[in-house]
Structures are given as C-alpha cells and as structure tokens.
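Sending over a structure as structure tokens; questions will come in a sec.
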Amino acid sequence: MSASLAAVPPQRLATDHAVVRLDRVGKEYPGSPPVHALVDVSLEVRAGDMVAVVGPSGSGKSTLLNLIGALDRPTTGTVEIDGRDVARLDDRALSALRAARIGFVFQQFNLVEGLTAVENVATALLYRGVPARERRARAADALERVGLAARAHHRPSELSGGEQQRVAIARAVVGDPALVLADEPTGNLDSARGAEIMEVLHALHTEGTTLLVITHDHAIAASLPGAISIRDGRVELERGPR
Amino acid sequence: MSDAIRLRPGDVLGLGAVGLRTRRLRTALTAVGIAIGIAAMVAVLGISASSRADLLAELDELGTNLLEVTPGQSFFGDSSKLPVDAPAMVRRIGPVESAAATATVTASVRRTDFISPLETGGISVLAAEPNLLSTLDGTLSSGTFLNAATDRYPTVVLGADTARTLGISSVAGSPRVYLGGQWFTVVGILDPLPLAPTIDRAALIGFPIAEAMFGIDGSASTLYVRTTPAQVDAVRAVLPATANPAAPTEVRVTRPSDALEARAATDDALTALLLALGGVALLVGGVGIANVMVISVLERRREIGVRRALGATKQHIRVQFVVEALLLSGLGGVTGVLLGAVVTGGYAAVRGWTIAVPILAVVAGVGIALLVGAVAGLYPAARAARLTPAEAVRTT
C-alpha cells in the first residue's frame, strides 16, 4: 500500500488509466537567480484515486497544482492529462481540456460575486457549449449532491464560508471531470466546517470521482487513501492510494 | 478531441452583463457620461432640423415670389433715383401680380410734441401706396390700411415695431401721433412682416399728403413686386430695365426670402460647432468607459482566473469584456438618444415648432456610442485576456 512511486521507473507508470502523469517534470521561473520551483517530479494519479499533495508553503505545491490543472506548462519533462501532452496544446486546446476534464476547488472559494449559487455552478458548463437550460438543470443537481439545493438562488455574499465552498465543489463536479483539483479546500474554514467539506469530498470519492487535494495539513493528508509529500520542489515521500 | 467552443450569442450577452449587474451604480454613472454626449448631439441635430423645418414652413407660407427694387448708385457713386413712373411700368410686366411703392419722407414721429425731434426711436416715415398691404401679403392687428379716401388726410398706419415703440396697441380711441410737425390719426397697426422688416419699423402715410406736406417728388425709394411664383427669375431679369430704362445698372433688385434662406445656412455653422462640443463630451464619456473597464479588470482578476480555470480561452475573456463595454456604451447611447429627443421636443414645443428628430441622428447616435464603447473596451479586454490563468487564480 505504501510503495514509493517516485522510485518506480517512469515507463512502468504508464499503465492503466492514468488521469494525470508527470514525467521528470521541472519548472523554473525566470529571474536572477532563476527559481527552481519543481525539480524532476514524476507522479501519477489514476482514475478513482484520492490523493493528497502535502508540503509546507514554498514547497512547490502551487506550481504543481498549476501544472496538473493545465494552468501552466512545465519547463522540462512532460505533463499528460488524460493522455494528452500539455506542451503540445495551444491556449484554445488547453482551455478546452480544462473545461472538459478538470474541476477546480480553491482555498478562497472564488465564486463570481454577481451570480447566484446555481449560476456560479452553471458557469462551469458555459465554456463546454452546454445550452443554458441544461446548464441550469445540471447545476441544480450538482447543488443537491453537495446538500445546498435550498440555497441555490443566494449570492455568494449571502452564504457562509462552508456553504460557498460547497457551491465551489458543486461547480467543480458538475461537468463530471476526469479529475477534481482541490487547493487547500479547508484553508479558509474553521475545523468543523473543514471537516464537513472533507466529508463531501470523501463522499464524491466513494461515488467514483478522482480527487487530488493540495494541503499543508498533515492530518488531512493522513486521512486520505494516498499522499505525496513534497519539499523544496522535489517529491519527498509517497504513500500509494491502493 | 475537443477544441474550445464558440459561445452562443445569448451566453455572450449574459457574460457581458455580469459585471454591469453587479455594479449598478458604477454602470449608471459611466453610461451617463456617454448619454450626455449622445444627447447633446441628438438634441443639436434635432433642434437644428426642427428649426429648419419651421423656417422652410415659414418660407413656404410667405412665398419666395416677392422682389424688392431699390435705386442703386450711379457709376460715379452718387445715389440714384427711380423714375416717378417706375411702379406703373413694372406693373405692366406680364407675370407681375402687383407692385407697390414706398418713398422716404424726411420727418420724425413722436408720441407728443413735448418729445425732442431728435428722439426718433429709429422710426422712419414712409409714404406708401394703398396696395402695399396686399402686395406684401400683410395683415393688420388693428384698424384699416391706407386707402384712396384716407391717404390725402393726416392719417398714419404704424408698423408692428413702431406701434410697440410708441406704446400704441390699438386704434380704439383714435390715438394720435406727432408727425413732422402735425398731429396724425392712427388708423391702422400692422402685424409683423418677416419679408419686409423696414415696414415694421416705419410709420406709413399716403403719397398725396406726403407730396402736399413734405414735398416729396413721387419717386419710389423701394418698390415691392409680387410675381407669379414660376416667373420670379424672369421678372428679376427684366426689372432693372423696366424700372429705370435710362440707367438699368443703377437699379438694385433683391429677394427678401434669400435672407431667410441664408439664416438657415448660417445655422449650419453653429450646428457644426455644437456637434463638435457634443463630440468632446462623447470622447470624455469614452475615456470614462475605458477607465472604469481598466479598474474592473484589475478588480476582477480572480474572476478572470476562475473563468480561465473553468475553460475560458483568452478569446472568451476578451469577448466578455468587449461586450461589457459595448453594453455599457449602448445603454448610454440609447438613453442619450431618448434624452436628446426629449430635449428637442421640449425646445420645439416652447418655440412652437414642429418636432423633427432626424432618423439619421438616432441611428448615428447609437452607432457612435457603440463605436466609442468598442474602442474603449479593446485595451482593457486585451489586458484581461493577457492575464495567465495561474497568476489570476492565485490572486488573494
């Protein structure tokens, strides 16, 4: 169960159904001196996994999130999302990939202010070309999944932090993405609300959603089936999800 | 696999409206900037069109078939005179419907003999033929005009301005004025004559008494000629030689309605100036939109990041902000056109004109507003699209 994946040669990683595959990925930010945010990172997330990425701030977690979320491209190595090499995709194709395959949950919730909960959730389907009527129906279903159907027509400013994060989770899963990326999902919540949010995420995992949770909280990491710990841009330790 | 999708028109409009719905006050204030510029331009065009329509209607009513014959100057610069029989000869021209002469009388008109003869109030005394009223198509506000029975006696008809200057509004009670050293009875007061303003500022007496009392020689100082409308130019061509066969070059023929038409033309210069001012207001409004949009993009970095993470392409972000600017300016444009039409209507109503808002002004008003919005929105939209999703998402 706790085999170190980092030690496994990359070619053996390319087995069944890798949702995300990083192969000796490096990310360097220009400057003097240049910052090596990630060094030689190889990892893999398979369909149905629920994995934590844990590390202190400045360890390269955010950079990893950006790469796995197809928000940024690596300097060296390859990032494959759902079998597609990110480096070969232009802005349009990359955006389409995000729209179709990845759902994001942010620490700051990041709901759009002027939109109601259901409109916020529906926005995730907007860039996939889903017609407005179907967007609304599916958004309402997603809100029900996270137990927030009653608050569907409230604006973010009328919702508590925990409720906002549930809306954000509904937004992340409404399109049935191959991967849900949660970046410190409990970071802005008290421990009780945080626990509730983790329950929602666990429930999604049980229903078959693939999840990658970025956190600095080792307790949360320990509660997940798998964990990858990183420090100074390198994978330090891995605990397999299976 | 999938490439980025094209947004539906309805979705694009919805996207553009998100920012406006969220910040209503800011939206309203920014739109007002555009609205003022457009309203100014539409009102200027509308008022000018209404004024012109009114002027043309007035011209139509007055007729453009009135000619004015005056003695010009001789070759040596001396003032010339029309022959005494000029009116009779002019009447013999076929298309001339009527012709009436006036002659300058050197005398002053005063309310009483206690007033100094120097204080004429700008009133001139003219001898006039009885058919002057019909030739000018004039009307009386009170009393009767001079006729063959009254024009040999000390009776006077006052022009509209003259009556006002002297403080006489009606012939009731037979008011008298002191004219050239003798009391004259006011028998009539004229309505204003737009085509013959000289008459408005004159006191009219008959030729017979003018010749008897003031020794005028019967030569006309002005000859008003009404022709059949189709023959104005032909009559104009033969008038000098007819009025003064001995010295046709010493005759001046003018067409008073030309002055009114010139007034319509001078309005154009003013209209252009006011339009330019409206354009400046519009420019300021456009800068306002650009300003607000730049701020909006800065404030909404996180929203932009989230949308990028949800799959929006650079183009989607750009379109969202350009459409937002277009909606903002379109809102201002439509409001401005309505406002301009209301101002035009109000002004025309006060002036008693027919309301004319040119359709071109309406279309151009909204069109220019949208153009300004598009230009103002391009730079902020480009800035929004340039944000990389990674940095936009992480903004705290």
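Considering the Cα positions of segment A:5-239, please state its Rg to one decimal place and its Dmax as a whole number of Å.
Reported Rg and Dmax, both Å: 17.5, 53.
Now for a different question. At a 10 Å Cβ-Cβ cut-off, how would you order B:T354, B:T150, fewest neighbours first? Kindly include the intermediate steps, with their values, before the conclusion.
Numbers: B:T354 11, B:T150 21.
Final ranking by Cβ density, sparse to dense: B:T354, B:T150.
Of the options B:T313, A:L179, B:G330, report the single residue whose Cα projects farthest towards the positive end of the charge dipole of the protein assembly as shown (beta-carbon charges: Lys, Arg +1; Asp, Glu -1).
Towards the positive end, the residue furthest out is A:L179.
Sticking with this one: Looking at B:G340, B:A392, B:L283, which one has the Cα that reaches farthest to the positive end of the dipole of chain B (charges on Cβ: Lys, Arg +1; Asp, Glu -1)?
B:A392
Based on the alpha carbons, how large is the Rg to Rh ratio for segment B:81-178 when Rh follows Kirkwood? Before the final figure, lay out each step's value.
Working: Rg = 15.3 Å, Rh = 15.3 Å.
So for segment B:81-178, dividing Rg by the Kirkwood Rh gives 1.00.
Using a simple charge model, +1 on the beta-carbon of Lys and Arg, -1 on the beta-carbon of Asp and Glu, nothing else, what dipole does the protein assembly as shown show about its Cα centre, in debye to the nearest 20? Write out the running numbers ahead of the final one.
On the way: 59 positive and 60 negative charges, 383 e Å.
Magnitude of the dipole: close to 1840 debye.
Where does the charge balance sit around A:P185 when Lys and Arg score +1, Asp and Glu -1, over other residues with C-beta under 12 Å from its C-beta?
-3
Could you check the spin-label model distance between B:L378 and B:S74? Points 7 Å from the Cα along Cα→Cβ, value in nm.
Distance between label points: 7.2 nm.
To the nearest 20 debye, what is the magnitude of the charge dipole of segment B:156-241 about its Cα centre, counting +1 on the Cβ of each Lys and Arg and -1 on the Cβ of each Asp and Glu? Display every interim value, and only then the final one.
Numbers: 5 positive and 6 negative charges, 24 e Å.
Taking the Cα centre of segment B:156-241 as origin, the dipole is about 120 debye.
How charged is the neighbourhood of B:R91? Take every other residue with its Cβ under 12 Å from the Cβ of B:R91, and add Lys/Arg as +1 and Asp/Glu as -1.
On the way: positive: B:R92, B:R226; negative: B:D85, B:E97, B:E129.
Once positives and negatives cancel, what remains is -1.
Considering the zone a paramagnetic label at B:E97 would reach in this model (a point 7 Å from Cα along the Cα-to-Cβ line), which residues of segment B:45-89 have amide N under 13 Å from it?
B:60-67
Any chance you could list the semi-axes, whole Å, largest first, of the equivalent ellipsoid that the Cα gyration tensor gives for segment B:66-254, using √(5λ)?
On the way: eigenvalues 171, 67, 38 Å².
Value: 29, 18, 14 Å, ordered largest first.
Let me ask something additional. For segment B:163-241, what's the radius of gyration and Dmax over Cα atoms, in angstrom?
Cα radius of gyration and Dmax of segment B:163-241 are 16.5, 47 Å respectively.
So how strong a dipole does segment B:66-254 carry about its Cα centre when Lys and Arg Cβ are +1 and Asp and Glu Cβ are -1, to the nearest 20 debye?
160
In addition: R0 = 41 Å: FRET efficiency of B:A230 with B:R6, Cβ-based, nearest 0.05?
On the way: r = 64 Å, r/R0 = 1.57.
Computed FRET efficiency for B:A230 and B:R6: 0.05.
Within a 10 angstrom radius of the beta carbon, how do A:D49, A:D176 rank from fewest other beta carbons to most? Provide the component values of the computation, followed by the final result.
Working: A:D49 23, A:D176 12.
With the sparsest Cβ surroundings first, the list reads A:D176, A:D49.
Where in segment B:163-196 does the amide nitrogen come within less than 17 Å of the point 7 Å from the Cα of B:E119, taken along Cα to Cβ?
Answer for this model: B:163-168, B:177-181.
Still on this structure, please answer the following. For every other residue with a beta carbon closer than 14 angstrom to the beta carbon of B:S219, add +1 if it is Lys or Arg and -1 if Asp or Glu, then tell me the sum. Don't jump to the answer; show the numbers that get you there.
Values: positive: B:K81; negative: B:D85, B:E129, B:E211, B:D217, B:E250.
Taking every Cβ under 14 Å from that of B:S219, the sum is -4.
If you count, for every residue in A:121-128, the Cβ atoms of partner chains within 10 Å of its Cβ, what is the mean?
Working: counts 0, 0, 9, 5, 2, 11, 11, 5.
Mean inter-chain Cβ contacts per residue within 10 Å come to 5.
Report the far tail of the P(r) of chain B, meaning the percent of Cα-Cα pairs longer than 27 Å.
Details: 51027 of 78210 pairs.
Of all Cα-Cα distances in chain B, 65 percent exceed 27 Å.
Per residue and in cubic angstrom, what volume does the convex hull of the Cα atoms of the protein assembly as shown have?
About 259 Å³ per residue, rounded to a whole number.
Same structure again: Test of understanding: ordering B:Y224, A:Y29, B:Y347 by Cβ neighbours within 10 Å, fewest first, what list do you get? Provide the component values of the computation, followed by the final result.
Working: B:Y224 28, A:Y29 10, B:Y347 16.
Neighbour counts put them in this order, fewest first: A:Y29, B:Y347, B:Y224.
Each value in this text was obtained by applying a stated rule to the coordinates, not by laboratory testing. Treat the numbers as computed from the prediction; the structure is a model and nothing was measured. Note: ideal-geometry Cβ built from the backbone for every residue, glycine included; neighbour counts use all protein chains shown.
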